[in-house]
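Scroll down for the structure; my scribbles are underneath it.
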Amino acid sequence: MAGMAAELSRAARAAALLGLAGALGPFALVMMTVQFYALVVPTGSLGTALGLGAGFALVAAAVVALTQLRERLLLLSTERLVRRLTARALAAATARAATPAAAAEGVLRDIDQVRRGIAGPLSAIALDAMLVPALLLLLAYFHWAFALFAGAAAALALLLGLAAHRATRVALADSNDAAGQAARLVADAARAAEAVEAMGMLPALVRRWAGALARGTGGLRRAQSAARAAQAATSALYGVAQGGAVAVGVLVIIDGSNAGYGILAGMLLTARVMDPFSRLGTQMEDAAAARAAWQRLDRLLAADEAAPAPQTRAFPCPEGRLVLDRVTLVLPGAARPLLRDVGLVVAPGDTVALAGPPGTGKSTLLRVILGLQATNAGDAFLDGHATAQWDRADLARHVGYLPQDPVLGGETIAAAIARLAPAPDMAAVMEAARIAGALRMVAGLPHGFATRLGDAPPLSMGQRQRVALARAVFGTPRLVLLDEPAAFLDAEGETAVAALIAALTARGTAVIFTSHREGLLRSATRVLTLRDGALLPVGKAPLSLAAPARRAALPAPPLRIASSVAA
């Protein structure tokens with residue numbers, strides 16, 4: 001994080017220097033205009049006029065170029081920082097989080113806050129504020145009174161901006177509260193319409209709604225009035241500042257000092273000194289939010305750097321045999337283990353179903369198998385190698401995974417199925433879609449596999465799940481983990497999932513899936529359930545999941561494979 005901050009600081013200093021050159025540009029243009037009147041008008045020299053005109057055009061072009069260069073430098077620096085920060089912070093947040101999705105969402109929110117702070121108006125204000133000392137020194141070069149006056153004007157602009165922001169914020173908060181109260185009254189009336197009409201409460205309800213609406217309108221009117229008053233006061237302050245610079249110059253001359261071009265500099269540069277301070281009040285909350293987000297990311301990366309780096313490597317995976325060896329997991333703050341002494345062996349071609357009610361740890365067990373969830377004891381081994389110590393990119397070649405939420409990355413369906421490969425192998429993409437039962441569905445879309453996922457109309461949840469299933473089986477993985485693969489599918493979709501499981505089993509792929517659908521559970525060679533953290537067999541023929549007490553009273557049959565539960 002320190003390296004990124006230093007790099008950003010260097011970019012900010014370079015942008016500030018460019019901004020300083022751009023700030024002095026208008027002063028130079030006015031000086032050249034003065035020289036035009038001083039040298040050309042009295043002499044009538046055409047050559048001098050042409051020379052000054054060419055210089056004027058050159059300086060004007062330089063000012064525009066410097067402004068564009070500063071903006072480009074800030075944009076490139078922000079993009080580079082965001083890329084580096086995202087790659088490091090996402091990995092750090094999801095590596096040890098109990099809920100990686102929530103951790104990743106929080107990190108991305110913080111990164112977006114930092115990005116808006118660097119590339120937005122706040123960054124321009126900060127860079128302009130960095131120029132203030134140099135501009136004050138330039139004004140002091142002509143006379144200290146010009147610098148003192150500009151500093152006082154900037155302080156007054158800051159106070160005015162803060163006062164305007166406070167007044168506007170309070171008025172808007174009152175307006176939003178009143179509007180929310182009015183909306184709640186309407187919602188309550190809609191839910192209890194019969195009771196409202198039957199008991200004659202409608203007139204009183206309308207009066208309350210009208211009062212809340214009036215308060216909201218009054219708050220919005222006060223906020224608009226405060227904003228207009230602040231804008232008018234700021235404009236007046238700028239005018240007074242320019243006139244005040246002339247008055248300061250006159251006083252300096254009366255005092256016997258040589259102001260030189262100080263009056264001209266005061267008129268042009270005093271407004272530039274005031275500008276960042278007049279805008280700072282409206283950005284205080286964004287500045288605090290960006291600073292807090294940066295600090296959270298800094299703490300996250302510092303903790304990740306302090307933690308021992310995981311030793312991962314690529315391992316061979318000739319068979320795809322999975323072994324869970326006495327896995328125990330106790331989540332922070334939990335009174336009892338979520339997983340307790342779980343043991344399981346899944347051979348190539350086996351299909352294991354995990355049944356049971358939500359919250360028993362089925363999805364967490366899949367994350368343990370993937371090496372994404374650290375355990376308190378025990379581990380998951382694929383062909384004798386712990387998945388937690390496996391290089392993630394290499395492990396992904398051997399494992400397919402369908403999460404409960406079928407989120408699709410990539411711009412097109414082909415890219416999503418190919419797991420964001422730069423150049424998707426279309427033959428492998430179509431084969432994965434065929435196995436997942438999604439080939440006909442994708443072919444029926446207007447653009448087929450080139451359909452962009454963000455285009456309208458969007459894919460339904462069932463269509464998204466079919467695409468996610470194709471992604472899970474893309475590239476002939478040795479082990480496929482499916483978390484509620486038929487959650488968003490109808491009976492036809494459930495049949496397609498059963499066919500997918502049969503196809504994977506036929507080619508020797510080990511499959512583990514979670515489900516509560518009896519029809520899908522029948523496609524498994526073994527059905528297990530998690531009860532009080534322990535993995536127990538249910539039997540080949542699944543019983544009704546609607547009667548857990550009755551099912552628990554039946555004797556549990558032995559596992560079909562003697563090594564299914566690790567010793």
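The values are calculated or read from the model by the stated rules, or taken from the named source; none is laboratory data. Worth saying up front: this structure is predicted, and the values here are computed from it rather than measured. All Cβ positions, glycine included, derive from the backbone under ideal geometry; neighbour counts span all protein chains shown.
Details
- Residue match in segment 380-389 (condition: among the hydrophobic types (A, V, I, L, M, F, W, C) and within 24 Å of Arg517 (Cα to Cα)): no
- When Arg434, Arg336, Arg419 are checked against the criterion of being surrounded by fewer than 22 Cβ atoms within 10 Å (Cβ to Cβ) and outside the structural domain of Gly448 (by TED's automatic domain parsing), a single residue qualifies: Arg336.
- A residue that is in contact (Cβ under 8 Å) with a residue 12 or more places away in the chain, acidic (Asp, Glu) and either within 28 Å of His398 (Cβ to Cβ) or loosely packed, with under 14 Cβ neighbours inside 10 Å (or both) cannot be found anywhere in segment 453-471.
- Segment 241-273, subset surrounded by fewer than 21 Cβ atoms within 10 Å (Cβ to Cβ) and among the polar types (S, T, N, Q), residue nearest to Ala152 (Cα to Cα): Gln242
- Exactly one residue out of Leu331, Leu370, Leu395 is within 30 Å of Gly454 (Cβ to Cβ) and either surrounded by fewer than 19 Cβ atoms within 10 Å (Cβ to Cβ) or more than 25 Å from the chain's Cα centre (by Cα) (or both), and it is Leu395.
Quick grid of which residues meet (1) closer than 22 Å to Leu269 by Cα; (2) modelled with pLDDT of 70 or more:
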site: Ala14; (1), (2): yes, no
site: Ala38; (1), (2): no, no
site: Thr43; (1), (2): no, yes
site: Val59; (1), (2): yes, yes
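- Boolean, Arg109 is modelled with pLDDT of 70 or more, surrounded by fewer than 16 Cβ atoms within 10 Å (Cβ to Cβ) and in a helix (DSSP H, G or I): yes
- Strands (runs of 3 or more DSSP E) fully within segment 332-443 counting 1 or more residues that are touching a helix residue (DSSP H, G or I) at 6+ places or on another chain (Cβ under 7 Å) and of a type in the set (D, E, K, R): 377-382
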